[in-house]
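Everything below concerns the one structure shown next.
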Amino acid sequence: MFEGHLYQLGYVCDNLEEGIAQFRGRGMTHEPHIMEVDQPVDSPMGEVVNRMRLCFIWIGDMQYELIQPLADPLGIYANAPSNGGPLRFHQTCVRVADWGDFRARVDQQDLPVVMERDMGGDNLKFLYLDARKQLGHYLEYTWMTDAQWDQIRAM
């Protein structure tokens, strides 16, 4: 499945501060806000909680998500292959316009859903497709209102 608006590249790092340092002097204009989150997600194993430290860095129209896993019950972040540096490429993230239509097509394609979160109503929705065999990384898809998009862009 390739559709939507690509806006994010995600990286896993063992130390968030070391990951952030890679962006200093390379287009990062503001010091990123670091947050620690407990994120419940649905998975083939049932509901689990990912615990992680995150930060988001905007350079132009691209957002870089840096993820330091603290609890990774599905092993989704631990399986990002090392390249010898502090950052390991993990996923692309694409915003789709119509979640219901998109989600119906997800069930008709061959990439497995490895985790998903639907916060209900007009709240953020996302899922990860496992495209590692085909592309070497996960595909994250998200839906949000335009107001949420504006809020994310302002981070």
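Apolar share of the accessible surface for the chain: 50 percent from carbon plus sulfur atoms, 1.4 Å probe. Suppose we look only past 24 Å in the calculated P(r) of the chain. What percent of the Cα-Cα pairs does that tail hold? Roughly 32 percent, once rounded to a whole number.
Normalising by residue count, region 19-60 has a Cα convex hull of 97 Å³ per residue.
Surface exposure of the chain, expressed per residue as accessible area with a 1.4 Å probe, stands at 52 Å². With the simple model of a label 7 Å out from the Cα in the direction of the Cβ, residue 107 to residue 5 spans 2.8 nm. The dipole here belongs to region 1-134: it is taken about the Cα centre, uses +1 on the Cβ of Lys and Arg and -1 on the Cβ of Asp and Glu, and is about 380 debye. Over region 3-74, all Cα pairs binned in 10 Å intervals from 0 give whole-percent P(r) values of 18, 45, 29, 8, 0, listed from short to long. Each Cα pair under 8 Å and six or more residues apart adds its sequence gap; the mean of these over the residue count of the chain is a relative contact order of 25 percent. Here is the tail figure for region 41-98: Cα pairs spaced more than 18 Å apart come to 48 percent of all pairs.
Annotation for residue 33 and residue 21: the two label points, set 7 Å from Cα along the Cα-Cβ direction, are 2.5 nm apart. Could you give the distance between the Cα centres of region 102-155 and region 1-63, to the whole Å? A separation of 14 Å, based on Cα centres.
The values are calculated or read from the model by the stated rules, or taken from the named source; none is laboratory data. Because the structure is predicted, anything quoted here is derived from the model rather than measured. In this analysis, Cβ positions are derived from the backbone assuming ideal geometry, glycine residues included, and neighbour counts consider all displayed protein chains. Each accessible area value is taken on the protein alone, full model and side chains, heavy atoms only, with ligands, DNA and RNA left out. Shrake-Rupley method; radii C 1.70, N 1.55, O 1.52, S 1.80 Å.
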